[in-house]
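Every read-out reported here was derived from the displayed coordinates using simple, explicitly stated rules and does not represent laboratory data. As the structure is a computational prediction, the values presented were derived from the model and not from experiment. Cβ sites come from the backbone with ideal geometry, for glycine too, and all protein chains shown count toward neighbours.
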Amino acid sequence: MLQEKRITIAVDGYSSCGKSTLAKALAKSLGYVFIDSGAMYRGVTLYCMRQQLIQHSKPQVDLIEKELHNIRLTFEFNEASASSDLFLNGENVEKLIRMPDVAANVSKIATIKSVRHKLVEEQRAIGQDGGIVMDGRDIGSVVFPDAELKLFVTAAPEIRAQRRKKELEEKGVIISLDEVIANLMERDMIDSTRAESPLIQVEDAIVIDTTELTREEQLLKALELVEAAACRS
Ligand code: CDP
């Protein structure tokens with residue numbers, strides 16, 4: 001029997017809309033690789049914060065460019081959480097990159113052209129053989145413009161904020177809903193208005209609104225779309 005083609009699936013959307021949850025479940029169910037591209041931007045941000053390359057909330061772009069070759073990002077599967085952890089120069093930073101201080105800086109770092117070039121190159125290398133689900137902001141537009149399936153995930157703003165607050169609380173971070181909302185709004189604004197590969201819904205993307213769907217329902221819907229895309233390709 002012919003093996004079904006292992007396609008490339010791009011999942012884009014605004015902050016905390018359920019992209020990673022859906023992308024992870026999809027990859028697991030298909031036996032594909034899952035890559036959270038946002039984790040990579042968060043990893044670069046953590047490095048810059050530690051090296052004091054962000055001064056008074058402003059990234060020091062020239063200094064950051066010079067440091068990029070010293071930043072090595074890798075993913076390793078974590079059996080306990082059943083997903084991949086991000087390693088920064090060999091250190092597991094999965095927990096640290098999810099913290100509010102990194103979230104407060106990441107979108108500024110993600111506007112830097114040289115940072116995006118480095119990460120897009122690495123993301124393409126990881127996905128070159130297909131059989132991948134990658135989530136982010138520019139996956140369908142820039143990283144994999146030829147992806148066989150492009151999903152654009154949305155959810156109502158209050159649901160996004162409540163989900164992120166709950167996720168943070170599960171990690172032991174106590175934060176007000178207002179603080180979460182402020183961070184999501186700021187990142188949405190920076191991400192969709194930046195000059196370099198802004199977040200857009202590309203024409204050939206299919207929208208999945210997760211507001212009123214359970215995780216199971218989102219996954220079933222996405223799996224139907226995968227089947228249709230695999231048949232088309
Ligand atoms: O999980 P959440 O939706 O909060 O964000 P994320 O996927 O972890 O991404 C964090 C930040 O990285 C975003 O707000 C963007 O500024 C940036 N990012 C990007 O510019 N391009 C990507 N492909 C992925 C993330």
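Phi angles across the stretch 167-182 convert, under the Karplus curve 6.51 cos²θ - 1.76 cosθ + 1.60 with θ = phi - 60°, into 3J(HN,Hα) values of 4, 5, 4, 5, 8, x, 9, 9, 8, 7, 4, 4, 5, 5, 4, 4 Hz, Gly and Pro given as x.
Approximating the spin labels as points 7 Å out from Cα along Cα→Cβ, the R232-to-E212 distance works out to 2.6 nm. Looking only at the chain, where both bridge partners belong to it, what percent of the DSSP beta bridges are antiparallel (to the nearest 5)? Of those bridges, close to 35 percent are antiparallel.
Here the calculated FRET efficiency for N89 and Q55, from their Cβ-Cβ distance with R0 = 25 Å, stands at 0.70, rounded to the nearest 0.05.
If the chain between S29 and L223 were fully stretched, how many nm would it gain, using 0.36 nm times the residue separation less the Cα-Cα distance? Display every interim value, and only then the final one.
Details: separation 194, 0.36 × 194 = 69.84 nm, distance 0.86 nm.
69.0 nm is the gain from fully extending S29 to L223.
Under the rule a/c < 1.5 gives rounded, and otherwise a/b versus b/c splits prolate from oblate, where does the stretch 137-233 land using the Cα gyration tensor? The shape class here is oblate.
Only Cα pairs under 8 Å and 6+ residues apart enter the sum, and on that basis the relative contact order of the stretch 8-232 stands at 33 percent. Here the residues M40, M189, ranked from fewest to most Cβ neighbours within 10 Å of their Cβ, fall in the order M189, M40.
Database remark: amide H of R194 closer than 5 angstrom to the amide H of L199 (H placed geometrically; neighbours at sequence offset of 5 or more, or on other chains; Pro and chain starts carry no H). Placing pseudo-labels 7 Å out from each Cα toward the beta carbon at E65 and D129 gives an inter-label distance of 3.6 nm. In order along the stretch 122-131, the Karplus-derived 3J(HN,Hα) couplings, from 6.51 cos²θ - 1.76 cosθ + 1.60 at θ = phi - 60°, round to 5, 5, 5, 5, 5, x, 4, 9, x, x Hz, and Gly and Pro are given as x.
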